[in-house]
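The structure appears right after this line, and notes come after that.
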Amino acid sequence: MDTANTYFTSLAITDDTPMTSTNENSVETAPPPYQSNDIHSKFQSRMSIKNDRNCQPSANIIVTHIPSTSNIQSHLAWSIINAFCCCWCFGFIALFYSLKTQRLRKEGHFQAAIEASANAKCCNMFTTIFTVILIFFSWIIYYLLCA
């Protein structure tokens, strides 16, 4: 029993007292109790720092964003107005692309539906602008001839 008490008291004394190194001018103190001198924990901390620096992907990652199906517009109403009230030849082309957009969206081909929607929009814009220009020149010709 006496040996065990001597061992524990010697541990308690050595933890709080400064330790001397081989050099007599420098004095090292024992680490605080919350720091670990374990070699394994030092190795793990070095590895985690090394892994944090090298956490870049090794290959290029391609991310494609496909919008939800409600965001893909078919421009059907605009195509119908252009087909029957404006220039019918370009309006029916726009109507074809609008119906194609709806069909592709229902089938789940979202990328093709987006492309068909863009084509329908371009055809509708061209038809509308063409009709406005045609009406404008028709008025000018009418007023020049009738005035």
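Only the coordinates and a few stated rules stand behind these numbers; no lab work does. As the structure is a prediction and not an experimental result, all values here were calculated from the model. Cβ sites come from the backbone with ideal geometry, for glycine too, and all protein chains shown count toward neighbours.
Express in % the proportion of alpha carbon pairs of region 91-130 at distances exceeding 16 Å. Before the final figure, lay out each step's value.
Details: 225 of 780 pairs.
Tail fraction, whole percent: 29.
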Starting from the Cα of residue 84, step 7 Å along the direction of its Cβ; do the same at residue 140; then give the gap between the two resulting points in nm. 3.2
